[in-house]
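The block underneath contains the structure these notes are about, expressed in structure tokens.
Just so it is clear, none of the values below were taken in a lab; they were calculated from the coordinates. Not measured: the values here are computed from a predicted model. Cβ coordinates were reconstructed from backbone atoms using ideal geometry, including for glycine residues, and neighbour counts include every protein chain displayed.
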Amino acid sequence: MQGSLEKLKDKYNNLTNVITIDVVIPCFRIDSFCLDSMVSIEKDKRTDHRFVVVVDKNIGDITVEQLEYLRSLERDYPTRVRINEKNMGASFSRNRGMQESYSDLILYLDDDVLADKKIIQAYTNAIIDNPEKDGFVGKSILSRDGRNSTTAVHMAQTVFF
């Protein structure tokens, strides 16, 4: 028995550490364009990233097509979809996503974000270069093309949080 344990230790002694990241997405819109963009961000060999999509919508308001789309996310990507029983707000959904996470770190993205394809690499670099830091915030660039009502946000000047 001891020989087997030693063989296992030798076999797995060369493992490299991998940073685990859950990308938590509180989701009200169920916008396939944005969600598809997020779940297809580039991988980084130093990390294992997965997605937790928390749908914050009255369950009766979710169409059959939207439910099928959400199932396809779980089927086709490393994604867990959770649906709140009713609309509880983005903060509740972020907290629920955090509770669903088993990763070392969490990256929060809102459901109307078109994330840079290299966002995981950027955060991984920041994490490795600054291990003493507790968290990181990336910049947001709001388009003015009207996609997802960003024009209204610009007009209302509510981009302060």
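General observations
- Our note on the geometry: Cα centres of the stretch 22-47 and the stretch 48-125, 7 Å apart.
- Taking the helices alone, the chain has a mean residue ellipticity at 222 nm of -11000 deg cm²/dmol, built from -39,500 (n - 2.57) per DSSP H run of at least 4 residues and averaged over all its residues.
- Correct option for mean projected area of the Cα convex hull in nm² [calculated from the coordinates] among [x] 10.3; [y] 13.0; [z] 13.9: [y]
- Residue exposure proxy: Val24, Val64, Val55, ordered by other Cβ atoms within 10 angstrom of their Cβ from fewest to most, comes out as Val64, Val55, Val24.
- Cα gyration tensor, the stretch 66-106 - rounded (a/c under 1.5), prolate or oblate: oblate
- For the stretch 126-140, putting each phi into the Karplus relation 6.51 cos²θ - 1.76 cosθ + 1.60 with θ = phi - 60° gives couplings of 4, 5, 5, 6, 9, x, 7, 7, 8, x, 9, 10, x, 8, 10 Hz, in residue order, rounded to whole numbers and with x for Gly and Pro.
- For the residue pairs Lys11/Lys118; Lys43/Lys133; Lys117/Lys139, the alpha carbons lie more than 21 Å apart in Lys11/Lys118; Lys43/Lys133.
- Cα-based helix-to-principal-axis angle, 64-76 vs the chain, degrees rounded to 10: 20
- Dipole orientation for the stretch 6-48: of the candidates Met38, Tyr12, Val24, Tyr12 has the Cα lying most toward the positive pole (charges on Cβ; Lys, Arg +1; Asp, Glu -1).
- Coil-residue GluC sites (Glu not before Pro) of the stretch 37-122, DSSP, other Cβ within 10 Å capped at 11: Glu42, Glu85
- Backbone amide hydrogens, once placed in the peptide plane, bring Arg82 within less than 5 Å of Val53, Val54, Val55, excluding anything fewer than 5 places away on its chain.
- Going from the fewest other Cβ atoms within 10 Å to the most, the residues Ser72, Ser40, Ser101 appear in the order Ser40, Ser72, Ser101.
- Straight-distance candidates among the lysines for linking to Lys86, with alpha-carbon spacing under 27 Å and chain neighbours fewer than 8 residues away dropped: Lys57.
- Cβ-Cβ distance of Asn87 and Phe33, R₀ of 22 Å, FRET efficiency by 1/(1 + (r/R0)^6): the value works out to about 0.50.
- Across the stretch 82-92, computed HN-Hα scalar couplings (Karplus, 6.51 cos²θ - 1.76 cosθ + 1.60, θ = phi - 60°) run 10, 10, 5, 5, 8, 5, 10, x, 5, 4, 4 Hz from first to last residue, x flagging Gly and Pro.
- Working from label points 7 Å from Cα in the Cα-to-Cβ sense, the Asp48 to Glu6 distance is 2.9 nm.
- Relative contact order (percent, whole number), the stretch 18-134, Cα cutoff 8 Å, 6+ residue spacing: 42
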